[in-house]
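The values are calculated or read from the model by the stated rules, or taken from the named source; none is laboratory data. Just so we're clear, the structure is a prediction, and the values are computed from it rather than from any experiment. Quick reminder, even Gly has a Cβ in these numbers, built from the backbone with ideal geometry, and neighbours come from all protein chains shown.
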């Protein structure tokens, strides 16, 4: 399965903003973009993209990297979003928000989306009682996501479970900390996504 395996801190520096790809490290003084805010590479300091196409491309790359999807996947999401009712840009973001790996991260059972993807691939989660290992699976209203019983004794999850009380979950998810589960109350809306994306730039890019 194709995936990006390079240094993720370079991705944040390239986009000029924190994408929170390394969990707690991004909130500490070790964050690469705080220490070296210029784009990576020998000519990073002098690199500038001010043209319209450059702005649109950077916004697309930012969304892709934030949610951890590759180019073909992203194109497929955009095509699906364009066929849904409503505006394509918000539709695209809400589809990405419904990915299982994103939901696992949102409820606090992974420190980053990359880690959530790995945990889902290893079969640590259930949807409506059934084992799932596809990070891109889209959750639906009424779905209940739970941590597998055998996984709850693992030290990794014990640490994450202890932090659940301090995690603020989106309003479209109802987290049951006692049973280590989350129920999808509604589909996410654009207002539920707090990252300052400019999705209209992506629509303009694909409209050319």
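Restricting attention to the range 65-107, which residues are in a helix (DSSP H, G or I) and closer than 19 Å to residue 180 by Cα?
Kept after step one, since they are in a helix (DSSP H, G or I), are these residues of the range 65-107: 65-67, 71-82, 88-97, 100-107.
Correct list: 100, 101, 102, 103, 104, 105, 106, 107.
Tell me, yes or no, whether the range 158-174 has at least one residue that is out of contact with any helix residue (DSSP H, G or I) (no Cβ under 8 Å at 6 or more places or on another chain), under 30 Å from residue 53 (Cα atoms), surrounded by 14 or more Cβ atoms within 10 Å (Cβ to Cβ) and not assigned by TED's automatic domain parsing to the domain that holds residue 57.
no
Within the range 144-173, take every residue that is assigned to a loop (DSSP other than H, G, I, E, B) and farther than 20 Å from residue 190 by Cα and give me the one that is farthest from the chain's Cα centre (by Cα). Outline the logic, then answer.
Applying the first criterion (assigned to a loop (DSSP other than H, G, I, E, B)) to the range 144-173 yields 148, 152-154, 163, 167-172.
Checking the rest, the ones that are also farther than 20 Å from residue 190 by Cα come to 148, 152-154, 163, 167.
Details: 148: 22, 152: 23, 153: 26, 154: 24, 163: 19, 167: 16 Å.
Looking at the filtered set, the residue picked out is 153.
Among the residues of the range 108-133, write down those that are in a helix (DSSP H, G or I) and either surrounded by fewer than 20 Cβ atoms within 10 Å (Cβ to Cβ) or over 12 Å from the mean Cα position of the chain (by Cα) (or both).
Of everything in the range 108-133, those that are in a helix (DSSP H, G or I) and either surrounded by fewer than 20 Cβ atoms within 10 Å (Cβ to Cβ) or over 12 Å from the mean Cα position of the chain (by Cα) (or both) turn out to be 114, 115, 118, 119, 120, 121.
Give me a count of the residues in the range 108-149 that are under 19 Å from residue 179 (Cβ atoms), in contact (Cβ under 8 Å) with a residue 24 or more places away in the chain and touching a helix residue (DSSP H, G or I) at 6+ places or on another chain (Cβ under 7 Å).
9
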